[in-house]
1. Right, Asn42: assigned to a helix (DSSP H, G or I), within 15 Å of the chain's Cα centre (by Cα), on the phi < 0 side of the Ramachandran plot and modelled with pLDDT under 85 or not?
Amino acid sequence: MTPPNRYDLQDSSFINEEIQVFNRKLHKLLKDMHHVSIINMNLHHMNSSGKQKITEITGHNTTNLLTSQNPPVSLKWRS
């Protein structure tokens, strides 16, 4: 999940600008990783309806990852 903007601050505030820079870097870094899904947290408010929307998006993305044709990454265990 990407960190959301601070809605108690202006969009031009230092903190919100840093959040936007971080989100761009995160998207760029994970662009070629097909086994990773990014959930954008660009909701306007984190009230109960916003939290409900986050759970719906997370559930939908999880279902899509589990039903995709991409094979899972298996790790070999060391003894």
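1. Spelling it out, it is not the case that Asn42 is assigned to a helix (DSSP H, G or I), within 15 Å of the chain's Cα centre (by Cα), on the phi < 0 side of the Ramachandran plot and modelled with pLDDT under 85.
For (1) in contact with a helix residue (DSSP H, G or I) (Cβ under 7 Å, 6 or more places away or on another chain); (2) at pLDDT below 90; (3) charged (D, E, K, R), each residue gets a yes or a no:
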| residue | (1), (2), (3) |
| --- | --- |
| Met1 | no, yes, no |
| Arg6 | yes, yes, yes |
| Ser13 | no, no, no |
| Gln20 | no, no, no |
| Leu29 | no, no, no |
| His34 | no, yes, no |
| Asn47 | no, yes, no |
| Gln52 | no, yes, no |
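The values are calculated or read from the model by the stated rules, or taken from the named source; none is laboratory data. As the structure is a prediction and not an experimental result, all values here were calculated from the model. We place every Cβ from the backbone using ideal geometry, glycine too, and count neighbours over all the protein chains shown.
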